[in-house]
Amino acid sequence: MYANLGAGSGTLIGSTNAYLMVALLDQGSPFLFASLMRLAILSAVALGVALLLQSSAWAVILGVGSAQLVMVVAAVRQGLRP
């Protein structure tokens, strides 16, 4: 019923990915551990928000994925600049 709200909240959750990565790496965590913890945290929060909003879980996960895609495109674009 609230798929749009779920996708929007998923995008907001996904946008915190970079901040989580920096915070975990600043603590001296290994990259693999930081990546796994970040994905576990984002997935748990996304499913919790889906339950809280009574939204479809796929809508929230789709929002998280779209935020990830935007960050990848921005990083690749910045990396290709001369």
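The values are calculated or read from the model by the stated rules, or taken from the named source; none is laboratory data. These numbers were taken from a predicted model, which means no experiment stands behind them. Cβ coordinates were reconstructed from backbone atoms using ideal geometry, including for glycine residues, and neighbour counts include every protein chain displayed. Please note that ligands, DNA and RNA were not included when accessible areas were found on the heavy atoms of the full protein model with its side chains. Shrake-Rupley method; radii C 1.70, N 1.55, O 1.52, S 1.80 Å.
Binning every alpha carbon pair distance of the chain at 5 Å from zero, what are the percents per bin?
3, 17, 22, 19, 17, 12, 7, 2, 1, 0
Taking the mean number of other Cβ atoms within 10 Å as a proxy for protection, how do you rank 37-50, 64-77 from highest to lowest?
Values: 37-50: 15.9, 64-77: 13.5.
Packing order, densest peptide first, comes out as 37-50, 64-77.
What percentage of the solvent-accessible surface of the range 1-50, computed with a 1.4 Å probe over protein heavy atoms, is contributed by carbon and sulfur atoms? Walk me through the intermediate numbers first.
Values: 2340 of 3100 Å².
The computed percentage sits at 76.
Please tell me the relative contact order of the chain in percent, rounded to the nearest whole number, where contacts are Cα pairs under 8 Å and at least six residues apart. It would help to have the intermediate numbers written out before the result.
Working: 88 pairs, mean separation 41.2, N = 82.
Computed value for the chain: 50 percent relative contact order.
Ignoring ligands, DNA and RNA, what accessible area per residue does the chain give at 1.4 Å, in Å²? Mind showing how you got there, number by number?
On the way: 5640 Å² over 82 residues.
Accessible surface, normalised per residue, equals 69 Å².
Kindly provide the helix-only [θ] at 222 nm of the chain, computed as the sum of -39,500 (n - 2.57) over DSSP H runs of four or more divided by all residues, to the nearest 500 deg cm²/dmol? Provide the component values of the computation, followed by the final result.
Details: 4 runs with 69 residues, N = 82.
It lands at -28500 deg cm²/dmol.
Loop-only check: which chymotrypsin sites (Phe, Trp or Tyr not before Pro) in the range 1-68 are DSSP coil with at most 15 other Cβ within 10 angstrom? Could the numbers behind the result be given before it?
Working: sites: Y2, Y19, F31, F33, W58; in loops: Y2.
Of the chymotrypsin sites (Phe, Trp or Tyr not before Pro), the ones in loops of the range 1-68 whose Cβ has at most 15 other Cβ atoms within 10 Å are Y2.
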